[in-house]
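Shown next, in structure tokens, is the structure this report addresses.
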């Protein structure tokens, strides 16, 4: 059953969710942004408004486009509000049991022809799809952070994903002005399979005392022309997310080269998760970030 995408649901209003809502609304889709917390939804709408304003000031979009995009986004706490959506993208925390529960509740209210996408950065699409009533209309749609800026979206087919589903979602992603990279359904897909072991190795380099935080980040920025150092980037992603992706790689591929660095585990246990908690490999509580090691 073919479906034309007009109404897009986004579950989760964090960094990824509000970014996806932003680009979908700007591209002309009606967006239903869902979260269980009204405070998070208010914060997400403020973030979207701020990011759209920034695009206006940089002359990327017009003030009229800014206003129209905001009017297309509706924020709601109840999942039932997504019943009319043609495509729903889940952006919840990177925990399989949480995602499965969301899909179970979502399938009960969603129309049969609607497509479900997951923004998971590492979990098996085939396995997530199998927990729904529509594995043939389920696909991985992995946006990069920050969504309004990053050009790439990884599309990941599960074993049951139908060609029609893939084609519709590829056209949707292209309509957002994004480039598609197609990945097979292997742990962490393409970007994170390459990026996260690099970050993990940078943490091992710190753990083993090869260099301090400043030296490691400067080495990769100035020596490899990376826009951000790997430890700075880890703080931006969230150290808990970095750890969970490394665990998925280690468990899924059973190769010791993916073993999470003990120092990464220690920082996560301390609750030092990076920018979002004000401390990670840098301390963000002052005027400028200060290395913590």
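The values are calculated or read from the model by the stated rules, or taken from the named source; none is laboratory data. Since this is a predicted model, take the numbers as computed values, not measurements. Positions of Cβ are generated from backbone atoms using ideal geometry, with glycine treated the same way; all protein chains shown enter the neighbour counts.
Okay, residues lined up against (1) surrounded by fewer than 23 Cβ atoms within 10 Å (Cβ to Cβ); (2) in a strand (DSSP E or B); (3) at pLDDT below 95:
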residue	(1), (2), (3)
70	yes, no, no
74	yes, yes, no
98	yes, no, no
104	yes, no, no
132	yes, no, no
147	no, no, no
150	yes, no, no
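Kindly indicate which of 173, 213 is crowded, with 19+ Cβ neighbours inside 10 Å and in the same structural domain as residue 116 (by TED's automatic domain parsing).
Just one listed residue meets the conditions, 173.
Is there a residue in the stretch 249-260 that is part of a helix (DSSP H, G or I) and within 22 Å of residue 16 (Cα to Cα)?
Checked against the condition, which is being part of a helix (DSSP H, G or I) and within 22 Å of residue 16 (Cα to Cα), the stretch 249-260 yields at least one hit.
Quick one: residue 94 ticks every box in (1) at pLDDT 95 or above; (2) touching a helix residue (DSSP H, G or I) at 6+ places or on another chain (Cβ under 7 Å) bar one, so which box is it?
The one condition residue 94 does not meet is (1).
Given (1) more than 27 Å from residue 162 (Cβ to Cβ); (2) free of Cβ contacts under 8 Å to residues at least 40 places away in the same chain; (3) out of contact with any strand residue (DSSP E or B) (no Cβ under 8 Å at 6 or more places or on another chain), identify the lone condition not met by residue 48.
Looking at each condition in turn, residue 48 falls short on (3).
Residues being in contact with a helix residue (DSSP H, G or I) (Cβ under 6 Å, 6 or more places away or on another chain) and closer than 22 Å to residue 15 by Cα: count how many of those fall in the stretch 239-270.
The number of residues fulfilling the criteria is 9.
For residue 188, work out the one condition from (1) at pLDDT 95 or above; (2) part of a loop (DSSP other than H, G, I, E, B) it doesn't fulfil.
For residue 188, the exception is condition (1).
Every residue in the stretch 261-293 that is more than 23 Å from the chain's Cα centre (by Cα), part of a helix (DSSP H, G or I) and touching a residue at least 24 places away in the same chain (Cβ under 8 Å), please.
Once the filter is applied, which keeps residues that are more than 23 Å from the chain's Cα centre (by Cα), part of a helix (DSSP H, G or I) and touching a residue at least 24 places away in the same chain (Cβ under 8 Å), the stretch 261-293 yields 262, 263.
Determine whether residue 203 is in contact with a helix residue (DSSP H, G or I) (Cβ under 9 Å, 6 or more places away or on another chain) and in the same structural domain as residue 101 (by TED's automatic domain parsing).
No; evaluated as a whole, the condition is false for this residue.
Quick check on the stretch 4-57: of everything there that is modelled with pLDDT under 95 and crowded, with 17+ Cβ neighbours inside 10 Å, which residue is farthest from the chain's Cα centre (by Cα)?
14
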